[in-house]
Amino acid sequence: MALFHTITGNDVQAAATLLRQGEVVAIPTETVYGLAGNALDENAVIKIFETKQRPRFNPLILHLAHASQFSHYVTEVPPVAQLLMERFMPGPLTLLLPKNERVPDLVTAGSPRVALRVPAHPLTRALLQSLDFPLAAPSANPFGYISPTTAAHVSAQLGGLIPYILDGGPAEVGIESTIAGFEDGELVIYRPGGLDLSEIEKIAGPLRLHTSSESPEAPGMLKSHYAPRKKLLFGGPLPADVNNLFAITFRDSLPGLSPENQIVLSPAGDLAEAAKKLFAALRLADASEADAIYAEKFPELGLGLAINDRLQRAGA
Ligand code: TXA
Ligand code: MG
């Protein structure tokens, strides 16, 4: 059902005007494109959930122009959080902090903690600076599907459902932000993402990873997520019959599979390059003639952790 004639452009003021009117707009960030609305306007937040068909129990991240604005929405900023904010914001890091009454419960799905981040993309920074409210924004994909890293990805699925897509080019990082919070004063990672965990460890010391078997403290860390429509086989041995398979690999192509049925993400072996290209490759694989997708397991270090996390969920 088309509600809008969706315009794609780079007019920050046009996006700002629509957001002030309570509409939702797709915005570029360095990680993935977001589906943004006024976080303080419950009707705009409801529109985000409805456009994405996202269950209301799954909370949204607040996007702000500067980390110095966090204190307006939280009751406490632990010293380690302050250090991380100074070092990594703007950038692909989201912090979970205790919210105050300014943040609608709808945004946090009733949780006493709110997720906050400062995106690094220049167009979205300019947009946030021109607004007097924060933007709530999940990734701009239908719930459960692959996150968009270009304006065209957004348009392919949300075209007709939103008035404007702010086009900032392909996302630089290509994988969602790393999400961190505190439990009993200890820093915990809820979602590995675009900020390499070893960078955080340099400041915060050894990290604890929240495993998915624990209580769903971060409800969006759903077991099945980022999923293509085709069956995705992740890691393990290559199936005996590779006909009708589309493969996504790290640095080497797979013998026995035609070049048009595979994507090598980084022949140079650069995990950041692989992360940047991952979601576009999954979309191409999903749109291909193949019956199923095979994705290799990546080295468990740096951005490889985030890549494996996404592929694991995409295959679940
Ligand atoms: O890079 C990103 O983080 C992108 C860009 C657009 O900023 N956003 C993004 O949003 O990935 P989303 O909604 O697709 O994923 C955010 C995750 C969800 O799994 C959600 O459950 C979790 O963060 N989250 C958000 N607020 C939370 C809260 N208050 N407590 C626990 N988890 C929260
Ligand atoms: Mg998402």
Inset, instruction - Given the peptides 238-244, 300-306, arrange them by the average over their residues of other C-beta atoms within 10 Å, most packed first. - result: 300-306, 238-244
Inset, instruction - For a quick protection proxy, order the peptides 146-158, 39-51 by their average other-Cβ count within 10 Å, most packed first. - result: 146-158, 39-51
Legend entry - Equivalent ellipsoid, segment 155-214 (semi-axes from 5 times Cα gyration tensor eigenvalues, Å): 33, 15, 9
Legend entry - Heavy-atom accessible surface of the chain: percent carbon and sulfur, 1.4 Å: 53 percent
Inset, instruction - May I ask you to work out the translational diffusion coefficient for segment 1-99 at 37 °C, viscosity 0.692 mPa s, via Stokes-Einstein with Rh from the Kirkwood sum over Cα pairs, reported in whole µm²/s? - result: 214 µm²/s
Inset, instruction - Express in nm, to one decimal, how much length is gained between Gln13 and Asp184 on full extension, taking 0.36 nm for each residue of separation and deducting their alpha carbon distance. - result: 57.3 nm
Legend entry - Neighbour net charge for Leu238 - beta-carbon separation under 15 angstrom, K R +1, D E -1: -2
Inset, instruction - Please compute P(r) over all alpha-carbon pairs of segment 52-113, binned at 5 Å starting from zero, and give each bin as a whole-number percent. - result: 4, 16, 28, 24, 16, 9, 3, 0
Inset, instruction - Round to the nearest 0.05 the FRET efficiency obtained for Phe4 and Arg208 when R0 = 41 Å and r is the Cβ-Cβ distance. - result: 0.40
Inset, instruction - Just the number, please: Stokes-Einstein D of the chain in µm²/s, Kirkwood Rh from C-alpha pairs, 20 °C, 1.002 mPa s. - result: 108 µm²/s
Inset, instruction - Using every pair of alpha-carbon atoms in segment 97-218, split the distances into 5 Å bins beginning at 0 and state the percent of pairs per bin, rounded to integers. - result: 2, 8, 15, 19, 20, 18, 12, 4, 1, 0
Legend entry - Antiparallel bridges, percent of DSSP beta bridges restricted to the chain (to nearest 5): 40 percent
Legend entry - Cα Rg, Dmax, segment 18-165, angstrom units: 14.2, 45
Inset, instruction - Give me the distance in nm between label points sitting 7 Å out from Cα along the Cα-to-Cβ direction at Gln129 and Ser198, one decimal. - result: 3.4 nm
Inset, instruction - Using amide H atoms built 1.01 Å from N in the peptide plane, name the residues 5+ places from Leu232, or on other chains, whose amide H lies under 5 Å from its own. - result: Ile293
Legend entry - Solvent-accessible area per residue for the chain (1.4 angstrom probe, square angstrom): 42 Å²
Legend entry - Where labels lie 7 Å past Cα in the beta-carbon direction, separation of Leu301 and Gln82 in nm: 3.4 nm
Legend entry - Contour minus Cα-Cα distance for Leu284 and Asn100 (0.36 nm per residue): 62.0 nm
Inset, instruction - Kindly give Rg over Rh for segment 157-316, based on alpha-carbon atoms, with the Kirkwood expression for the hydrodynamic radius. - result: 1.00
Inset, instruction - With a length cut of 30 Å (Cα positions projected on each helix's long axis) and a Kyte-Doolittle mean of at least -1.0, go through the chain and give me the DSSP H helices that pass. - result: none
Inset, instruction - Past 24 Å, Cα to Cα, is the threshold; run Lys230/Lys277; Lys47/Lys99; Lys99/Lys202; Lys47/Lys277 against it and keep the listed order. - result: Lys99/Lys202; Lys47/Lys277
Inset, instruction - Give the Rg/Rh ratio for segment 236-316, taking Rg as the radius of gyration of the Cα atoms and Rh as the Kirkwood radius, to two decimals. - result: 0.93
Inset, instruction - Between beta-carbons, use under 11 Å as the cut-off and find the net charge around Tyr164, counting Lys and Arg +1, Asp and Glu -1. - result: -3
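The values are calculated or read from the model by the stated rules, or taken from the named source; none is laboratory data. This structure is a prediction, so every number in the text was calculated from the model and none was measured. Cβ atoms come from the backbone with ideal geometry, glycine included; neighbour counts cover every protein chain shown. We work out accessible area using only protein heavy atoms, side chains counted, and drop any ligands, DNA or RNA first. Shrake-Rupley method; radii C 1.70, N 1.55, O 1.52, S 1.80 Å.
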